[in-house]
Amino acid sequence: MLKRRIYLNGLLLILFAALIYGCSTGINLFSDKDEVALGDDLVQQILANPKEYPVNSGDAALKKYIQENIFNPILASPQVKKRNVYKYRIEIIRRDDVMNAFALPGGPVFVYTGLLKYLDSEAALAGVLAHEVAHIESRHATKRLSANYGVSLLLSLVLGQNPSALAEIATNLFVGLAFLANSRSDEDQADRLSVEYLKTTKYYPGGVKFFFEKMKSDGTVSSNSGKIATFLSTHPDPIERIAVVNQNLKGQGFKLLEFTSNDATLFKTAYTMNIKSRLK
Ligand SMILES: [Zn+2]
């Protein structure tokens with residue numbers, strides 16, 4: 001018994017050392033399989049709450065169009081490494097009062113109709129979707145979780161081999177989906193990767209900034225509108241992000257198009273015909 005306790009104490013010491021090391025270096029305690037399981041669990045909780053998250057209410061044709069024509073070409077980027085590891089898919093939440101999109105660990109990407117109605121081009125939507133894929137590929141949510149939940153997660157996984165630990169964490173997290181708030185550096189990385197992923201598509205690679213540019217131009221950013229309350233509470237200043245994306249585009253020799261541009265690589269007519277027309 002005593003021997004066992006000494007063994008456990010030793011194990012704990014190693015765990016704590018690993019934990020401190022992990023926190024300072026951003027080590028992720030989740031495996032790819034954990035990512036998918038955690039995402040699935042969160043999806044179940046979203047589907048169980050149809051009032052807050054009315055998912056795919058009669059939007060099958062719209063979802064199919066976005067998945068096949070915009071989302072899949074993004075996933076085909078050589079820089080999306082986990083397209084066969086994670087369960088990438090897109091879901092539409094029919095709520096015109098929310099302008100936002102979010103990603104869950106392991107592949108699910110959710111887009112609100114409020115955002116779809118606000119955007120003007122396929123390039124803008126592709127930019128947002130590529131940004132969400134970047135959060136998943138970079139495992140931003142579970143890296144943050146590893147830092148925040150390190151001790152309890154390690155203890156439950158190692159000491160008890162507690163199979164319900166992930167589900168418990170998912171439940172704790174689900175309240176308000178607050179954990180989706182990303183840090184400034186995670187957002188900048190996702191914006192940067194969004195440009196990379198779009199390079200191999202037919203879309204202008206800087207599409208991710210069009211949403212911010214429009215909000216800046218029409219005053220939505222400073223309006224305190226309820227529609228972007230969730231976006232603003234989970235994202236850093238969109239106006240600052242425009243400058244960072246422009247700097248990246250310029251550095252790579254891309255011309256600086258804006259959301260008002262009529263360049264063919266924005267696919268504005270296609271957006272009206274294939275997406276806006278299905279959002280009545
Ligand atoms: Zn983000």
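Figures for the structure shown
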quantity: Packing-based exposure ordering (other Cβ within 10 Å, fewest first) of Asp96, Asp188, Asp59; calculated: Asp96, Asp188, Asp59
quantity: Cβ-defined net charge surrounding His235, 14 Å radius [Lys, Arg +1; Asp, Glu -1]; calculated: -2
quantity: Karplus (6.51, -1.76, 1.60) ³J(HN,Hα), θ = phi - 60°, over segment 260-272, in Hz, Gly and Pro reported as x; calculated: 8, 4, 10, 4, 4, 6, 8, 6, 6, 5, 4, 5, 4
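Values in this text are rule-based calculations from the coordinates and carry no lab data. Given the structure is predicted, the values throughout are model-derived calculations rather than measurements. Neighbour counts run over all protein chains shown; Cβ positions are idealised from the backbone, glycine included.
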